[in-house]
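Asks: Can you read through this structure? Questions will come right after.
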Amino acid sequence: MERYEHKKVEDKWRKKWIEANVYKTTQDPDKEKFYILDMFPYPSGAGLHVGHPKGYIATDIISRYKKMNNFNVLHPMGWDAFGLPAEQHALKNKVHPRIGTDENIKTFKKQLEKISLNYDWEREIATTDPEFYKWTQWAFIQMYKKGLVYQSNEPINWCPSCKTGLANEDLENGACERCDTPIQKKKLPQWVIKITDYADRLLEDLDKLDWQEHIKELQRNWIGRSEGAEIEFKIKSDEEKTDVVLMHGFEGRGDQGWFSETKHFLEQKGLSVYNPDFPNSNNPSYIEWKKFFDNNVLSKINKNTIFIAHSLAPTFLIRYLSENDLKLNKVLFVAPAIRKNKNIPEIDDFFENFNLQKVKKSINQIIVIYSNDPYIPKEDFEYIIREADAEEIYIENKEHFTQNENTNPEILDILDEKLDSRLRGNDNSSQAVKVFTTRPDTLYGATYMVLAPEHELVNEMLSSCHSREGGNPDDTIKSEDEKLDSRLRGNDAEGVCIKNVDEVRTYQKEASKKTEIERTAEGKEKTGVRLEGVMAVNPVNGEEIPIFIADYVLADYGTGAIMAVPAHDERDFEFAQKYNLPIKMVIQPFGSGNKGTSEKELEKYYNGSKPWITTNDDKGNVILINSSEFDGVQNSKEIKEKITKKAGGKMTTSYKLRDWVFSRQRYWGEPIPLIHCDKCGVVTVPEDELPLELPEVESYEPTGTGESPLAAIDEWVNTTCPECGGDTKRETNTMPQWAGSSWYYLRYIDPKNDKALVDKDKEKYWSPVDFYVGGAEHATRHLIYARFWHKFLYDIGVVNYDEPFSKLQTVGLIMAEDGRKMSKRWGNVINPDDVIERFGSDTFRLYEMFMGPFDASIAWSTEGLVGPRKFLEKIWKSYQSGYVSGETSELLKKTLHKTIKKVGEDIGEMKYNTAISAMMVLANQLEKKKNISTEDFGKFLKILSPFAPHMTQELWSQMGNNTFLIEETWPKYDEKYLSDDEITLVVQVNGKVRDKITVNADITEDEAKEKALESEKVQKHIGGKEIRKVIFVQGKLISIVV
RNA sequence: GCCUCGGUGGCGGAAUUGGUAGACGCGUUGGACUCAAAAUCCAAUGUUCGCAAGAACGUGAGAGUUCAAGUCUCUCCCGAGGCACCA
């Protein structure tokens, strides 16, 4: 008897199949198409371990099964070969990454070939091939042209060890996914792709995919859509504001007729007026006035304050502003005393040091009001109007505005007109912060507000404070001057200022220095700093609440600002406890014992030791309290909308998904096809110049400075601008590893096309991928990027459908025998080559499929390989022993047909373990019966062939066939063999199995009852009691209740 | 903390709509063959009690629904994976 020598058999058929080119993709018009794909591997230096092929074997089985069921099957393989591992390996071993990569691909391919996977190798691709990445670059350029690519200067995730920026998806718990190094925030100009524009479609289209629910769930979480509201809180100064400073001139404030009248008029308008009483006004001294001004006036003004200065007061202000750094918004000079009055010795010192250029800069708006003044000649007014660039208002017949008689209606009219409209109402602030919240229903419970330390408004408020620090010119202030100036001259009159500038600055600096891990470390106590001097106004009830900055609020989610509701949010609660902030309950459970209101939760709520967290309940299980007109109302979506509307906010949506940081400061990747031209700005590389090839260089060490190694290659970097022809430089960053894999599956359809990414007709025929198999670890990177990329290609008409992978199945890991992950580090890696050498490829394939459920992660067991091996030997022996002859017995025939049915069904459901187990049952039965017809044995070989192609092919050939099993047709099962004539009927008494009786399959209830009652065992358990009920399940059981 | 999936013999794992729990494989034990071993074949193999027939218990724990629960409901415990100060 011929022994089963796996090596001989497998080598023989591997060779024959390749010679006959059996794996070539067919495109027979009479057949349906089926595109089945594996996630292509990253060819590392270590070679394949036993875990890699698990998915490939599964798809191979399906592919063979589909071919035998008359499909045109596309089943290709390729290499995802750009990226850091190859580059790091190259650096370490001083081999160019291209050479290393090519070697690794060779090794991988050799290993895969031993498994006899039916790939069409004529369609092999590699992402590192310029003919391939030409189209990666092409797609990028299309995105750029559609405005989906932008340059960002925001701080990005930087891995100091890999020396490159990373996308959000590349992080794992705040550390680099590759090397575990804590990442830092680093400001670097980065190319970023607006994947967030596709967030909604990426989320919603999940519904039409036949993917495992848990993968969809991962993507949903990653995209992280939250429905909520954006609500604006006004910011105001918490000190008493002074709207107008009314300054008298020579001889004090009692002497001017318009003075008290003006004050009264302004106060009627609801403005606060401060009219200082300068010392010794009948014999004034500039030094004394300055002292008074510094001590009394400065502390009462803010940036919106308007100055109305009469006579000598303008003179004072002009000297003061010439000598001190103070910014004023609006100043009305009423009959200002200028040069000619120098003949009044008492006030000569007021006229010194005039610097009208500086004064002009220090005041946003200057208005000069004058009349037919007996004291001051007209040319003096004209002089100051000219020099200070002031607005001029002339009023008839008011002289020096000091007449006592009656009113000065004209000047009041002018004040009315010239006062900033903003000063009229009570609302004197133009600044506001938008917050994002999913809980607008708790708006009445907001007791403070928190901004991210990086929030733009914080910096604005900090810099606006320098306008206060007049007379104290230090370096910082001077350096801020320009910025300040521009803001002052804009329309945006700000009046809010942070008092504890140093403390806030320090906190900001500390926050920026922290790594992501430090900032989010578990159990870390919350920290923050109150912004002294400013308050936020709750738009719904006008309550003024303090503002903090704290790093528990993230700058890049929502609006970077929150309203804090400590009574109903754990984080806010924790913070409020630490900083002694009020906690105001606004949500209460509705009734008691409602769903979602456990006793425990209630307890925490009532003793105030924990925030009362409701799971964003808008099903009416909670009611609102302390919420004005909403008191006692059951919560609902409508209530959220109503409160939002009342607050002047709007309902919006926020996402956790961030835009895709697309630049890598490394060598081994696709060059980004952009050019930076001084004249034309950013220009794309012309499409006819693609591929923009990665230059072959000696040194490709990362610089670590944030610059790509490509930047050092002058002959590559320097180029001419395709638009203006001038000398320019290329973009030197490369694309991330995930670029090529985002669309590679399309290229298999048409791998050699040099005119298009993929031919439209071919794409229409083969796309989308019908079945995609790979690791679950790709759920939030590759599978999101690829869906995005594909949708973009759909939008520009390259592909005909907007989802790339119709069905997705994840493959479970194979752990090492010690239960740990297979890794060089643990020395527990098992190489498939060794297994195949010892047991054969067929056994290896069977074993991996037999281990357990396909998507479960299970430990390898070399002992376990024996089972599948014995199974193959059993079949081999059955044939060699001459069992294959004559007619198949009835029982075996039934088993055969049941098995044919089961194996077909199980392959469709990825239940290989049970398919194999069914075939083992068949083989065991054959061994017992020792007899099967040639035809039936052939059927058995056919259904086993996708699992064990070599041995089945050998026996098929020994039987005298000269065809290939992969080209044979899958056997059909015959219904008539599926049902049994006689079955075992289970007899239960009171739900317990008491006997089993053999009966005809079509037995009726009455017959079954009769037979069951004949049983002694049954009688024993009935024990003479009354039969109350009989339940009969056809073909299964009869249950007697007594 | 949140989300998802799990928890079944010594081990990997099977169990349509609730209907014989433990298929199939490994391992273990006994036997056959052999001078012996390996290989192969046969038999047994959830636990407890029992010479046996048989009985009781048994799918993480507890309760519930049902003639009947691994499967459905509730509460809890444990494990794996994912997300994580996401407002």
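Conditions tested, residue by residue: (1) surrounded by fewer than 20 Cβ atoms within 10 Å (Cβ to Cβ); (2) over 27 Å from A:P702 (Cβ atoms).
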{"site": "A:A86", "(1), (2)": "no, no"}
{"site": "A:G100", "(1), (2)": "no, no"}
{"site": "A:Q111", "(1), (2)": "yes, yes"}
{"site": "A:Y119", "(1), (2)": "no, yes"}
{"site": "A:E122", "(1), (2)": "yes, yes"}
{"site": "A:Y133", "(1), (2)": "no, no"}
{"site": "A:Q137", "(1), (2)": "no, no"}
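Asks: While we're here: Are there any strands (runs of 3 or more DSSP E) wholly within segment A:943-1042 with 2 or more residues that are in contact with a Phe, Trp or Tyr (Cβ under 9 Å, 6 or more places away or on another chain) and within 13 Å of RNA strand B (Cβ to nearest atom), and if so which?
Replies: The strands (runs of 3 or more DSSP E) meeting that bar are A:1037-1041.
Asks: State whether one or more residues within segment A:769-781 are modelled with pLDDT under 95 and touching a Lys or Arg at 6+ places or on another chain (Cβ under 8 Å).
Replies: no
Asks: With respect to the numbered conditions (1) more than 12 Å from RNA strand B (Cβ to nearest atom); (2) of a type outside the set (F, W, Y); (3) modelled with pLDDT under 95; (4) more than 19 Å from A:Y56 (Cα to Cα), which one is the sole condition not fulfilled by A:I830?
Replies: With (1) more than 12 Å from RNA strand B (Cβ to nearest atom); (2) of a type outside the set (F, W, Y); (3) modelled with pLDDT under 95; (4) more than 19 Å from A:Y56 (Cα to Cα) applied to A:I830, the lone miss is (4).
Asks: Looking at this structure, is A:L813 within 11 Å of RNA strand B (Cβ to nearest atom) and within 30 Å of A:K929 (Cβ to Cβ)?
Replies: No, not satisfied.
Asks: On to the next question. Scan segment A:89-118 residue by residue and report those that are under 35 Å from the mean Cα position of the chain (by Cα) and touching a residue at least 24 places away in the same chain (Cβ under 8 Å).
Replies: Answer for segment A:89-118, where residues must be under 35 Å from the mean Cα position of the chain (by Cα) and touching a residue at least 24 places away in the same chain (Cβ under 8 Å): A:H89, A:A90, A:L91, A:H96, A:P97, A:R98, A:G100, A:T101, A:N104, A:I105, A:F108.
Asks: From A:R825, A:R845, A:R838, grab the single residue that is modelled with pLDDT of 95 or more and either more than 23 Å from A:W956 (Cα to Cα) or away from RNA strand B (no atom under 14 Å from the Cβ) (or both).
Replies: Matching residue, one of A:R825, A:R845, A:R838: A:R845.
Asks: With respect to A:K646, determine if the residue is at pLDDT 90 or above, surrounded by 13 or more Cβ atoms within 10 Å (Cβ to Cβ), more than 30 Å from A:L148 (Cβ to Cβ) and more than 16 Å from RNA strand B (Cβ to nearest atom).
Replies: Here the answer is yes, as A:K646 does meet what is asked.
Asks: Exactly one of these conditions fails for A:R730: (1) within 29 Å of the chain's Cα centre (by Cα); (2) within 30 Å of A:G165 (Cα to Cα). Give me its number.
Replies: (1)
Asks: Can you name the helices (runs of 4 or more DSSP H) wholly within segment A:499-595 that have at least 2 residues being more than 24 Å from the chain's Cα centre (by Cα)?
Replies: A:501-513, A:570-578
Asks: Based on what the data block shows, is A:Q190 buried (at least 18 other Cβ atoms within 10 Å of the Cβ) and under 16 Å from the mean Cα position of the chain (by Cα)?
Replies: Judged against the criteria, A:Q190 is not a match.
Asks: Note down all Cβ pairs under 6 Å where the first residue falls in segment A:745-765 and is among the β-branched types (V, I, T), the second is part of a helix (DSSP H, G or I) and crowded, with 20+ Cβ neighbours inside 10 Å, and they're at least six residues apart or on different chains.
Replies: Pairs that qualify, where the first residue is among the β-branched types (V, I, T) and the partner is part of a helix (DSSP H, G or I) and crowded, with 20+ Cβ neighbours inside 10 Å, are A:I749/A:E763; A:I749/A:W766; A:V758/A:L746.
Asks: Right, another one. Quick check on segment A:748-787: of everything there that is surrounded by fewer than 19 Cβ atoms within 10 Å (Cβ to Cβ) and basic (K, R), which residue is nearest to A:I141 (Cα to Cα)?
Replies: Selected residue: A:K755.
Asks: Would you confirm whether any residue within segment A:153-166 is over 23 Å from the mean Cα position of the chain (by Cα) and free of Cβ contacts under 8 Å to residues at least 40 places away in the same chain?
Replies: yes
Asks: Then there is this: Report, by residue number, each residue of segment A:890-910 that is surrounded by 18 or more Cβ atoms within 10 Å (Cβ to Cβ) and not in a helix (DSSP H, G or I).
Replies: The one that is surrounded by 18 or more Cβ atoms within 10 Å (Cβ to Cβ) and not in a helix (DSSP H, G or I): A:M910.
Asks: Considering every residue within segment A:225-247, establish whether at least one is charged (D, E, K, R) and within 30 Å of A:T810 (Cβ to Cβ).
Replies: Looking for residues that are charged (D, E, K, R) and within 30 Å of A:T810 (Cβ to Cβ), one finds at least one in segment A:225-247, hence yes.
Asks: Taking interchain pairs and intrachain pairs at least six residues apart, which have beta carbon atoms under 7 angstrom, with the first residue in segment A:211-224 and more than 17 Å from A:D197 (Cβ to Cβ) and the second more than 8 Å from RNA strand B (Cβ to nearest atom) and assigned to a helix (DSSP H, G or I)?
Replies: Going by the 7 Å Cβ cut-off, the qualifying pairs are A:K216/A:L206; A:R220/A:L203; A:R220/A:L206.
Asks: State whether one or more residues within segment A:236-245 are buried (at least 16 other Cβ atoms within 10 Å of the Cβ), touching a Leu at 6+ places or on another chain (Cβ under 8 Å) and modelled with pLDDT under 85.
Replies: Checking segment A:236-245: at least one residue is buried (at least 16 other Cβ atoms within 10 Å of the Cβ), touching a Leu at 6+ places or on another chain (Cβ under 8 Å) and modelled with pLDDT under 85.
Asks: Check segment A:861-874 and report whether any residue there is in contact with a Leu (Cβ under 9 Å, 6 or more places away or on another chain), assigned to a loop (DSSP other than H, G, I, E, B) and not charged (D, E, K, R).
Replies: No, segment A:861-874 contains no residue that is in contact with a Leu (Cβ under 9 Å, 6 or more places away or on another chain), assigned to a loop (DSSP other than H, G, I, E, B) and not charged (D, E, K, R).
The values are calculated or read from the model by the stated rules, or taken from the named source; none is laboratory data. Keep in mind that this is a model prediction, so the values were computed, not measured. All Cβ positions, glycine included, derive from the backbone under ideal geometry; neighbour counts span all protein chains shown.
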